[in-house]
1. Roughly speaking, what is the centre-to-centre gap between region 126-159 and region 72-101 when only Cα atoms are used, to the nearest Å?
2. To the nearest 20 debye, what is the magnitude of the charge dipole of the chain about its Cα centre, counting +1 on the Cβ of each Lys and Arg and -1 on the Cβ of each Asp and Glu?
3. What number comes out for accessible area per residue over region 147-208 if the probe is 1.4 Å? Units Å², please.
4. With loop defined by DSSP as not H, G, I, E or B, and exposure as at most 10 other Cβ atoms within 10 Å, which is the longest segment of the chain clear of exposed GluC sites (Glu not before Pro)?
5. With all pairs of different alpha carbon atoms counted, what Kirkwood hydrodynamic radius in Å does region 113-194 show?
6. Picking from SER181, SER98, SER58, which is most flexible by a Gaussian network model of the chain using Cα springs under 10 Å?
7. With every protein chain kept in place and ligands, DNA and RNA left out, what is the accessible area per residue of region 62-116? Probe 1.4 Å, answer in Å².
8. Scan around ILE35 for amide H atoms under 5 Å from its own, H built in the peptide plane at 1.01 Å from N, and keep only partners 5 or more places away or cross-chain.
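The values are calculated or read from the model by the stated rules, or taken from the named source; none is laboratory data. Owing to the predicted nature of the structure, the values given are computational and were not obtained by experimental measurement. Cβ atoms come from the backbone with ideal geometry, glycine included; neighbour counts cover every protein chain shown. These area figures cover heavy atoms from the full protein model, side chains too; ligands, DNA and RNA do not enter into them. Shrake-Rupley method; radii C 1.70, N 1.55, O 1.52, S 1.80 Å.
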Amino acid sequence: MVFIRVLRGINRGNFNQYVPGENRGSVVWDEGYDITSAGCQQVFIKACEDVKTFACNSGACGASQLLARDNSTICFMDEYRKWASSTYSLDTYTMDSSTFISKLDEFRGIDDTLYGAPVDWRNYIGFTSSNDVKFGYFEFTATMKALAPMAEKGEVLDIVNNFVKHIKAYPECASQCDCSSVFQSTSYSWVWYHTEKALEFGFYQGIT
């Protein structure tokens, strides 16, 4: 699962669902979010830490009853702060915007490892050709069982959405950082969950 910032939505324009390969739309960026500010950095760090202990009281989450598996959270902001401190003796909270972006661009190009495996920070930090930071996300492996039944998937989806609400309730989001466009996603789990719901609906509709 991933939690993404700086993306507000997609402008579909004249997209035609029956011609899905054309006019797929363009990204609408969240211009109100400043990833270089201390407040927004703190939100990112707190979310990365909180997800490690966030409860998941669904049977799909197994014995741990936690949302995230141990040693699975990949948080570029935390690692970037450590790197900036050890490499340049700099605190990212006190950097000006241009220095923050310059050093972040350098950081995302380094060879690094996390939990004993290589990690490519370019996958987690998005720059445009004009050297603007346009997105950033952290990810974790959920404890949800791969073949969990639909009802349990729905429970976990509710829990993950509650975690999004938990992030948006941070004090920093009220005064220092616009957190309105925080959202969560998965590679396939929620897509398949909604497909399962549609199949179930079609089944009962067919019987009726």
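1. Taking the Cα centre of region 72-101 as reference, the centre of region 126-159 is 23 Å away.
2. Result for the chain is approximately 380 debye, rounded to the nearest 20.
3. For region 147-208, the solvent-accessible area averages 62 Å² per residue.
4. Longest stretch, sites excluded: 32-208.
5. Taking every pair of different Cα atoms in region 113-194, averaging 1/r and inverting gives 15.4 Å.
6. Judging by the Gaussian network model, the answer is SER98.
7. Heavy-atom SASA per residue in region 62-116 reads 54 Å².
8. Residues meeting the criterion, in which the H sits 1.01 Å from N, do not exist here.
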